[in-house]
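Note sheet for the following structure.
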Amino acid sequence: MPVSGEPSKSEKKPDINDAMCPSRLVLEHVTSRWGVLILIALLDRSYRFSELRRKIGGVSEKMLTQTLQTLERDGFVHRAAQPVIPPRVDYSLTPLGAEAARLIAELGRWTEQRLGAVEEARERYDERRAESRRAQAMSQ
């Protein structure tokens with residue numbers, strides 16, 4: 001791939017709908033349960049591992065470690081290990097990670113703002129399903 005990040009004419013353009021497209025795996029990493037929360041948290045500032053775990057809440061050490069490693073490998077997160085005792089490791093976003101995090105944070109804000117509408121839709125759906133089940137039970 002050329003330095004510009006654009007595919008050359010001989011390379012196939014990424015297509016998220018293609019089952020074999022590697023962009024699907026990147027999308028999976030960025031939009032995973034913990035990936036989303038890590039990226040949003042790191043928009044604020046860099047964090048040490050334990051700080052980040054407290055900030056996110058509910059994530060196990062194992063899942064946080066695995067997700068950070070995946071995001072680091074994909075170029076979204078920078079891991080800075082300080083040669084001190086006790087060891088200090090800080091996590092921050094790379095420019096690529098900050099770009100993705102801003103987009104994900106916008107989706108997070110939208111989700112928070114529209115939660116009421118989603119909950120209402122769920123209630124309507126559940127009511128329709130319950131009515132349908134009652135009607136089926138009565139017809140048998």
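Counting only DSSP H runs of at least 4 residues, each contributing -39500 (n - 2.57), and dividing by the residue count of the chain, the helix-based mean residue ellipticity at 222 nm comes to -19500 deg cm²/dmol.
Amide H contacts for THR94 (H built 1.01 Å from N in the peptide plane; partners 5 or more residues away or on another chain; cut-off under 5 Å): VAL77, HIS78. Remark: the chain carries a charge dipole of roughly 280 debye about the Cα centre, counting +1 on each Lys and Arg Cβ and -1 on each Asp and Glu Cβ. The residues neighbouring GLN66, those whose beta-carbon lies less than 14 Å from its own, together hold a net charge of +1 under the Lys/Arg +1, Asp/Glu -1 convention. Placing a label point 7 Å from the Cα of LYS55 along the Cα-to-Cβ line, the residues of the stretch 7-48 whose backbone N sits under 20 Å from it are 29-48.
Taking the chain as a Gaussian network, where each spring joins two C-alpha atoms under 10 Å apart, which residue of ASP44, ASP18, ASP74 fluctuates the most? The residue that fluctuates most here is ASP18. Pull out a ≥ b ≥ c, the square roots of the eigenvalues of the alpha-carbon gyration tensor of the stretch 23-104, then state rounded if a/c is under 1.5, prolate if not and a/b is larger than b/c, and oblate in the remaining case. Verdict is prolate for the stretch 23-104. Angle of helix 33-44 to the longest C-alpha principal axis of the chain, folded into 0 to 90 degrees and rounded to 10: 50°. Applying a DSSP loop filter and a limit of 14 other Cβ atoms within 10 Å to the trypsin sites (Lys or Arg not before Pro) in the stretch 49-140 leaves ARG114. Amide H to amide H distances under 5 Å link ARG48 with TYR91, where only residues 5 or more positions off or on other chains count and H is placed in the peptide plane.
Using only the Cα atoms of the chain, build the gyration tensor, take square roots of its eigenvalues as a ≥ b ≥ c, and label the shape rounded, prolate or oblate: rounded if a/c is under 1.5, else prolate if a/b is larger than b/c, else oblate. Oblate shape, in that a/c is at least 1.5 and b/c is the bigger or equal ratio.
Any read-out appearing in this document is the output of simple, stated calculations on the displayed coordinates, not a laboratory observation. Since this is a predicted model, take the numbers as computed values, not measurements. Backbone-built Cβ (ideal geometry, glycine too); neighbour counts: all protein chains shown.
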